[in-house]
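Participant: One structure coming up, written as structure tokens, with questions to follow.
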Amino acid sequence: MATSASCNWLQCLEKHLNVQEASHWPKDPLHKHDNGYSFIQDPDNSFQAFQEVLLRGMFQDPNIFDKYHVWERTCSVFKQAVVAQWFTHLTEFHDVAFSLVHVTSGGPARGMELETYCLINT
């Protein structure tokens, strides 16, 4: 792929995530929660052309790769304990986000309103 070879992953991000232009903002619609959905592969985003570069950048960055992966024989596998810890932190974040929504969004929510809080596609 000629485009991915011509720029590194940070340059690709800077080019396609221009905060000054709304058309360059990533689109991650909350209604898309199908199994396997990824905003990186969403045709509304320009990441697909640079997916290889982004993944290579993550795999080559030891701060990212070594934290969550380990090499076993010929393949990379997730460090189960670290991934579980990440999910624990994510759950704690959801709890804090829920509390903030509950406390800062007008009157206190009743049971029926609490059911509508749903944080998905994160």
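Participant: Answer yes if at least one residue in segment 85-101 is at pLDDT below 80, within 18 Å of the chain's Cα centre (by Cα), acidic (Asp, Glu) and open to solvent by 60 Å² or more (accessible area, probe 1.4 Å), and no otherwise.
Facilitator: No, that holds for no residue.
Participant: Determine whether segment 34-43 contains at least one residue that is assigned to a helix (DSSP H, G or I) and at pLDDT below 75. Before you say what the answer is, go through the steps one by one.
Facilitator: First, pick out the residues of segment 34-43 that are assigned to a helix (DSSP H, G or I): none.
Scanning segment 34-43 turns up no residue that is assigned to a helix (DSSP H, G or I) and at pLDDT below 75.
Participant: Evaluate the following for Phe50: is it surrounded by 10 or more Cβ atoms within 10 Å (Cβ to Cβ) and either in a loop (DSSP other than H, G, I, E, B) or modelled with pLDDT of 75 or more (or both)? Reasoning before the result, please.
Facilitator: Details: surrounded by 10 or more Cβ atoms within 10 Å (Cβ to Cβ): yes; either in a loop (DSSP other than H, G, I, E, B) or modelled with pLDDT of 75 or more (or both): no.
Judged against the criteria, Phe50 is not a match.
The values are calculated or read from the model by the stated rules, or taken from the named source; none is laboratory data. This one's a predicted model, so the numbers in the text were calculated from it and none came from an experiment. Methodologically, a virtual Cβ is constructed for each residue, glycine included, from the backbone with ideal geometry; neighbour enumeration extends over all protein chains shown. Areas reflect the complete protein model, heavy atoms only, side chains present, ligands, DNA and RNA absent. Shrake-Rupley method; radii C 1.70, N 1.55, O 1.52, S 1.80 Å.
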